[in-house]
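J.: Provided herewith is a single structure, encoded as structure tokens, for subsequent inquiry.
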Amino acid sequence: MERRVLSPGSRRIISVDSAGQVESVETEDARATRERLRSLAWLLDSSIPIPGTRLTVGLDALIGLFPVLGDLIGVLLSSYILSEAARLGAPKVVLWRMAFNVAVEGVVGIVPFAGDVFDAAWKANQRNVRLLDAWIERPEKEERSSRLFGALLILGVAAFLVLKGTLGFLLARWLFGLF
């Protein structure tokens, strides 16, 4: 893949494949925003090495050690990446996928200690920056992938609700059978 500036006065950068076809178009502003988001994601998710291991944690995991308030602050910081992706024009399916990553981190993070360990491993901010980068590099492929993810998520939630309803019905039937 080759990157080049469209014209000397232009601030748009294009990526061209080996056949000479344009794969993506990006502005200097978008490139600077992506770099800033990468740095923020690293700071929140991987900036602090754990001595004696190859593992890292970020400020998000440390902030999350404060019950409820820490998790709320972490979700707000993660939401900034989501809002910048929306400003860059990411489609709704990609934004929903990014929101799912933030929501999982926020909901699981509420659980004392185990949630913080999960948060340190999940690294939602870096996941979201990778999603944004993938969408900018190959928009059609990432949108298709995000749609598939959304469809599978909806099917999973529907299956969970059906299972929950069935188990509730069976439990109620069993309880009423006792009397």
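The values are calculated or read from the model by the stated rules, or taken from the named source; none is laboratory data. From a predicted model like this one, the values you see are computed outputs, not experimental measurements. Note: areas computed on protein heavy atoms with side chains; ligands, DNA, RNA excluded. Shrake-Rupley method; radii C 1.70, N 1.55, O 1.52, S 1.80 Å.
J.: Taking the chain as a Gaussian network, Cα atoms linked when under 10 Å apart, which of Leu132, Leu37, Leu76 shows the biggest mean-square fluctuation?
T.: Taking springs between Cα atoms under 10 Å, the residue moving most is Leu76.
J.: With θ taken as phi - 60° and the coefficients 6.51, -1.76 and 1.60, list the Karplus ³J(HN,Hα) couplings across the range 113-126 in order, rounded to whole Hz; mark glycine and proline as x.
T.: Using θ = phi - 60°, the values come out as 6, 4, x, 5, 5, 4, 4, 5, 8, 5, 6, 4, 5, 5 Hz.
J.: Would you please give the residues with an amide H less than 5 Å from that of Thr27, counting only those at least 5 places away or on a separate chain, with H modeled from the backbone geometry?
T.: The answer is Ile13.
J.: Still on this model: Using only the C-alpha atoms of the chain, find the volume of their convex hull and express it per residue in Å³.
T.: 168 Å³
J.: Restricting to DSSP H runs of at least four residues, report the calculated mean residue ellipticity at 222 nm for the chain, -39500 (n - 2.57) per run over all residues, nearest 500 deg cm²/dmol.
T.: Counting only the DSSP helices, I get -23000 deg cm²/dmol.
J.: Determine the per residue accessible area of the chain with all protein chains present and a 1.4 angstrom probe, expressed in square angstrom. Working shown, then result.
T.: Values: 11370 Å² over 179 residues.
Value returned for the chain: 63 Å² of accessible area per residue.
J.: Moving on to the next point. May I ask for log10 I(q)/I(0) of the range 34-112 at q = 0.12 Å⁻¹, from a Debye sum over the Cα atoms as equal point scatterers with solvent left out?
T.: So the normalised log intensities are -0.37.
J.: Per residue of the range 63-73, what does 6.51 cos²θ - 1.76 cosθ + 1.60 with θ = phi - 60° give for ³J(HN,Hα)? Whole Hz please, x for Gly and Pro, Karplus curve as stated.
T.: Karplus values, whole Hz, x for Gly and Pro: 4, x, 5, 7, x, 6, 4, x, 5, 5, 4.
J.: Taking the chain as a Gaussian network, Cα atoms linked when under 10 Å apart, which of Phe66, Phe169, Phe100 shows the biggest mean-square fluctuation?
T.: The residue that fluctuates most here is Phe169.
J.: Along the range 43-54, what does the Karplus equation 6.51 cos²θ - 1.76 cosθ + 1.60 (θ = phi - 60°) give for ³J(HN,Hα), rounded to whole Hz, x for Gly and Pro?
T.: Taking θ as phi minus 60°, the curve returns 4, 6, 10, 9, 7, 10, x, 8, x, x, 9, 8 Hz for the range 43-54.
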